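Chemist: Here it is, the structure, as structure tokens.
The values are calculated or read from the model by the stated rules, or taken from the named source; none is laboratory data. Keep in mind the model is a prediction, meaning the values are calculated, not measured. Positions of Cβ are generated from backbone atoms using ideal geometry, with glycine treated the same way; all protein chains shown enter the neighbour counts. Each accessible area value is taken on the protein alone, full model and side chains, heavy atoms only, with ligands, DNA and RNA left out. Shrake-Rupley method; radii C 1.70, N 1.55, O 1.52, S 1.80 Å.
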Amino acid sequence: MTQPALAAHSTEAILAGNQGVVVDISSDKQAFHVPWGKAMMWIFLLSDTFIFSCFLISYMTVRISTTVPWPNPSEVFALSFGGDPIPLILIAIMTFVLITSSGTMALAVNFGYRKNKKLTVLLMMATALLGATFVGMQAFEWTKLIMDEGVRPWGNPMGAAQFGASFFMITGFHGMHVSAGVIYLSVVAWRVGTGFYDRKKGGNYETVEIAGLYWHFVDLVWVFIFAFFYLW
């Protein structure tokens with residue numbers, strides 16, 4: 001094939017390829033076969049990851065750079081049950097409760113795809129109950145620090161003033177996510193129980209999995225908070 005013929009053939013191939021791209025875009029072709037709701041949840045979780053990362057990085061920067069002694073979390077978050085204080089006992093129980101809720105949520109997703117409405121609803125409500133228990137224990141923790149220890153977002157009698165600001169900002173933001181998740185799971189469980197997804201989505205329980213993604217993310221974030229804030 002001569003040089004002009006090769007050039008003409010290449011030009012035709014490029015034009016044909018460009019026309020194919022234009023046709024695909026204009027016809028709204030789906031490049032990745034991911035449901036819209038799940039894709040949007042992943043995007044939301046990615047943005048939330050950046051926010052929590054900024055909070056934890058800021059906390060670590062403040063703690064490393066402060067010249068005032070940082071309070072010992074094992075002493076600050078210790079509880080006494082009639083004897084010697086037990087370090088981090090409440091935090092350990094809170095962590096156990098939240099990790100357990102991940103297990104019940106995973107089971108709920110599994111039974112959702114099996115179309116077992118009864119077990120799906122029960123497991124989702126158990127997950128929401130565990131989440132509400134976590135929030136209740138966090139409220140007790142906040143009350144103890146504010147009322148008994150005198151910790152404030154702008155001050156702290158036990159050491160560095162930044163301790164209070166870091167604690168209330170990070171745990172408060174996470175607690176807000178857990179509280180929202182409890183409401184979210186309760187609504188989805190109610191819709192599963194009333195047959196909403198059977199009527200509106202032809203028995204597609206994908207929303208249960210999407211709710212599970214959110215809940216597992218909240219649990220995973222707590223693992224990092226537990227490691228960096230309470231164990232460090």
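Each row is one residue, and each column tells you yes or no for (1) within 22 Å of Trp70 (Cα to Cα); (2) in contact with a Leu (Cβ under 9 Å, 6 or more places away or on another chain); (3) touching a residue at least 60 places away in the same chain (Cβ under 8 Å).
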position	(1), (2), (3)
Glu141	yes, yes, yes
Gly150	yes, no, no
Pro153	yes, no, no
Pro157	yes, no, no
Phe163	yes, no, yes
Phe167	yes, yes, yes
Gly181	no, no, no
Val187	no, no, no
Arg191	no, no, no
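Chemist: Now, a different point. Restricting the search to segment 214-232, which residues are at pLDDT 95 or above, open to solvent by less than 10 Å² (accessible area, probe 1.4 Å) and touching a Phe, Trp or Tyr at 6+ places or on another chain (Cβ under 9 Å)?
Modeler: If the condition is that a residue be at pLDDT 95 or above, open to solvent by less than 10 Å² (accessible area, probe 1.4 Å) and touching a Phe, Trp or Tyr at 6+ places or on another chain (Cβ under 9 Å), then Trp215, Trp222, Ile225 are the ones that fit.
Chemist: Assess whether Thr49 counts as being of a type in the set (Val, Ile, Thr), within 16 Å of the chain's Cα centre (by Cα), surrounded by 14 or more Cβ atoms within 10 Å (Cβ to Cβ) and within 30 Å of Ile210 (Cβ to Cβ).
Modeler: Answer is no for this residue.
Chemist: Confirm whether Ala39 is open to solvent by less than 20 Å² (accessible area, probe 1.4 Å), at pLDDT below 95 and among the small types (Gly, Ala, Ser).
Modeler: Answer is no for this residue.
Chemist: Hey, can you tell me all the residues within segment 102-131 that are part of a helix (DSSP H, G or I) and either farther than 25 Å from Val223 by Cα or touching a strand residue (DSSP E or B) at 6+ places or on another chain (Cβ under 8 Å) (or both)?
Modeler: Result: Phe111, Gly112, Tyr113, Lys117, Lys118, Leu119, Thr120, Val121, Leu122.
Chemist: Moving to a separate point now. Would you please name the residue that is farthest from Leu45 (Cα to Cα), looking only at residues in segment 143-178 that are at pLDDT below 95 and polar (S, T, N, Q)?
Modeler: Ranking the qualifying residues of segment 143-178, first place goes to Asn156.
Chemist: Does segment 120-142 include one or more residues that are closer than 21 Å to Phe77 by Cβ, at pLDDT below 95 and open to solvent by less than 40 Å² (accessible area, probe 1.4 Å)?
Modeler: yes
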